[in-house]
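Student: Have a look at this one.
Quick note: the coordinates plus some simple rules give every number you see, no bench work behind them. Only a predicted model underlies this, so the values are computations on that prediction, with no experimental measurement involved. Using ideal geometry, Cβ is built from the backbone for each residue, glycine included, and neighbour counts are taken over all protein chains shown.
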Amino acid sequence: MLGTLGPFVAYPLAVLIFTVVASAPFSVTDALAVMNGVIFGPIYGSLVNAVGLVFAAMVGYALARRTSHLLELEKNIERLPPWVRRFPIGSPRFLLTLRVIPGLGGTMATQIAAAFRVPMFVHVWTMCAIAIPICTILAVFGDRASAAVHSYYESHRPHVHMPHMHLQERFHSLFHHKPKPSPTP
């Protein structure tokens, strides 16, 4: 039954999982991006990642609008490197530059965009401009790595030559030994 429904279940489920994980603060989606490349291939895996990122940007922005007051944004903005602070806070250049900082950059950019009421469209495209190329590379890597592992396994697995006989006969001979004829005098 899942054979015909598989694509109608697998793709939306993968997008939903990616959306939930990527919209959470301080989330790392690299493993999911690689996994989508392994499961769906480089093209469809990249599409799943991209659609998931767009939805995650919208969900993350909506969550950040409610939680941005919990972070001390002014103190965190003051601690940003000068090459980020030189741009106007909340501008697309600021958000793009901030997102390049590993780990904290994406969460900070989402929280600042929400706190400064940056339009959602600007937030979505600045998040996707950085994240989609990275996730696409990771999906292609996942696909190629799984192909390399599969190829290695196929070329190095033990090859056992079995004489041509029926399966039942093979198993029967494994467990039921014929007595060896005794030597005649």
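Student: Expressed in nm to one decimal, what extension gain is obtained for the pair Arg144 and Glu72 from 0.36 nm per residue of sequence separation less their Cα-Cα distance?
Tutor: Taking 0.36 nm per residue and subtracting the Cα distance, the gain is 21.7 nm.
Student: Please name which of Gly41, Ile77, Leu5 has its Cα lying farthest along the dipole of the range 2-157 towards the positive end, using unit charges on Cβ (Lys, Arg +1; Asp, Glu -1) and the Cα centre as origin.
Tutor: Of Gly41, Ile77, Leu5, it is Ile77.
Student: Related question: Starting with the fewest neighbours, write out Met120, Met108 ranked by other beta-carbon atoms found within 10 Å of each beta-carbon.
Tutor: Neighbour counts put them in this order, fewest first: Met120, Met108.
Student: Arrange the following residues from fewest to most other Cβ atoms within 10 Å of their Cβ: Phe121, Phe18.
Tutor: Taking fewest neighbouring Cβ atoms as first place, the list is Phe121, Phe18.
Student: Work the Kirkwood hydrodynamic radius out for the range 2-157: mean of 1/r over every pair of different alpha-carbon atoms, inverted, in Å.
Tutor: Over the range 2-157, the inverse of the mean reciprocal pair distance is 16.5 Å.
Student: When the Cα centres of the range 82-137 and the range 36-70 are compared, how far apart do they sit, in Å?
Tutor: Measuring centre to centre over Cα atoms gives 14 Å.
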